[in-house]
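Single-structure report; data block below.
Where a number appears in this text, it was derived from the coordinates with a stated rule and is not lab data. This one's a predicted model, so the numbers in the text were calculated from it and none came from an experiment. Note that we place each Cβ from the backbone using ideal geometry, even for glycine, and neighbour counts take in every protein chain shown.
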Amino acid sequence: MTLTSRRQGVRGADPAYEGNDVTRKTVRIAMNGVTGRMGYRQHLVRSILAIREQGGLDLGDGTVLWPEPILVGRREHALKALAERHGLAPRNISTDVDAVLADPTVEIYFDAQVTSAREEAIKKAIAAGKHIYTEKPTATGLEGALELARLAHEKGIKHGVVQDKLFLPGLLKLKRLIDGGFFGRILSIRGEFGYWVFEGDWQSAQRPSWNYRAEDGGGIVVDMFPHWEYVLHELFGRVKSVQALTATHIPQRWDENDKPYDATADDAAYGIFELDGGAIAQINSSWAVRVNRDELVEFQVDGTEGSAVAGLRNCRVQHRSTTPKPVWNPDIRPPTPSATSGRRSRTTTSSTTASRPSGSCSSSTSTPTPPTTGTSWPAPVASSSPNWA
Ligand SMILES: NC(=O)c1ccc[n+]([C@@H]2O[C@H](COP(=O)([O-])OP(=O)(O)OC[C@H]3O[C@@H](n4cnc5c(N)ncnc54)[C@H](O)[C@@H]3O)[C@@H](O)[C@H]2O)c1
């Protein structure tokens, strides 16, 4: 049963709530796949538990929404361990998805299972009348995805898919530039995403092995193109067409039990997206590329009035009025204000943390930070950064 209690000062520690009458509405959410990387860190710990730590979600109408996760999965001991670690009620774990879906007190079904298990699970949840929130992709094929959308629409439920990359500080800054007309007419977008995923033979792979098996729902297209679709659509225009050359550069990998297996899925995709409005996006995605850029993902946007390069956090701009004349001459240093050494130097933005997403973009004409001296390539972003893995 959904609990709605009326009590004094739900957020006892928050002076804003002291003495106020606040209604706390509990919303029970079935979280399937909560032992996985995304289900656990991103969605349970960094979202649901974080909201609870803050006293719930204030809806601004005297109601505070209190999320109550029901941990659903295949391994009872793993769910129990999670519940214990985070002080969640032992009754709120289940290995029986059907029973959880039959429970009328559960309002929302959330799915962070392996991709191949999602479509059927969401179908069942829709049939049970649950609202849906899910990791991407909803399905591994177009027909399956459309069918889910149709079923959800017919049932009249609310449904949403994770679009977390829109909230990356770097992309929020890019969006502000677009909305402010900085670029003029946008001509093209170049995206560079990727890093080296260890094969698993002498360094443990940092991603689950199913990602590299097509038969288990793996592959970089099914993993990353959902992100590119909504990022391009929300920032630049609807994707009208997409074409990609895909490759499996690393044909053999080692799994979680150190056993070699055939990597049957694509681990790189070189895509071209045609957008409404005429802009063209080209995005390279690869798990077999070593990082030689500031961030694990970077988007360069070129427009008639200016250009920008945005990463996970930062965004650099170059207006047409400050665009240096390019000189193709290896005997002289490139004529950019930041060219103070053989290495590219970096300008940084005023915002350096993920919790301050709205900092301004820095201009390439601003005083650059001192150039990095060593000869090694920039290290990958630390593990506390937004999760692209
Ligand atoms: N939004 C993002 O940036 C982002 C990033 C990574 C992954 N994802 C998505 O999240 C989902 C989960 O990815 P992950 O990296 O957390 O995977 P993971 O392997 O770490 O977790 C998978 C979860 O599914 C469960 N599961 C259910 N059926 C299974 C089966 N038959 N075999 C193995 N595990 C099974 C596992 O127990 C586990 O809880 C994927 O659909 C992936 O596309 C999204």
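Suppose R0 equals 22 Å; then what is the FRET efficiency for Arg150 and Glu215 from their Cβ-Cβ distance, rounded to the nearest 0.05?
Given R0 = 22 Å and the Cβ-Cβ separation, E is 0.25.
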Legend entry - Net charge, Ile126 excluded, C-beta distance under 9 Å - Lys, Arg +1, Asp, Glu -1: +3
Legend entry - Order of Tyr261, Tyr195 under a 10 Å beta carbon neighbour criterion, fewest first: Tyr261, Tyr195
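With charges only on Cβ, +1 for K and R and -1 for D and E, what is the dipole size of segment 4-162 about its Cα centre, in debye, rounded to 20? Show your work: numbers first, answer last.
Details: 23 positive and 20 negative charges, 52 e Å.
Roughly 260 debye, rounded to the nearest 20.
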Legend entry - Net charge, Val239 excluded, C-beta distance under 14 Å - Lys, Arg +1, Asp, Glu -1: -2
Legend entry - Hz values of 3J(HN,Hα) by residue in segment 188-193 - Karplus curve (6.51, -1.76, 1.60), Gly and Pro given as x: 7, 10, 10, x, 10, 10
Inset, instruction - Taking 7 Å along the Cα-to-C-beta vector as the label spot, tell me the Ala89-Arg176 distance in nanometres, rounded to one decimal. - result: 4.3 nm
Inset, instruction - Could you go through segment 217-226 in sequence order and give the Karplus-derived ³J(HN,Hα) for each residue, using 6.51 cos²θ - 1.76 cosθ + 1.60 with θ = phi - 60°, rounded to whole Hz, and x for Gly and Pro? - result: x, x, x, 6, 5, 5, 7, 9, 5, x
Inset, instruction - Sort the following peptides by mean Cβ neighbour count (other Cβ atoms within 10 Å, averaged over residues), highest first: 151-158, 221-228. - result: 221-228, 151-158
Inset, instruction - Collect residues whose amide H, placed 1.01 Å from N in the peptide plane, falls under 5 Å from the amide H of Lys25; neighbours closer than 5 in sequence don't count. - result: Val64, Leu65, Trp66
Legend entry - Cα lying deepest toward the dipole's positive end in segment 166-363, options Gly180, Ala310, Ser209, charges on Cβ: Gly180
Legend entry - Eligible aspartates and glutamates near Lys240 by straight Cα distance, threshold 12 Å, same-chain separation 8 or greater: Glu229, Glu274, Asp276
Inset, instruction - Give the cross-link partners of Lys123 among the lysines, using a straight C-alpha distance below 26 Å as the criterion and excluding same-chain residues fewer than 8 apart. - result: Lys136, Lys155, Lys158, Lys165
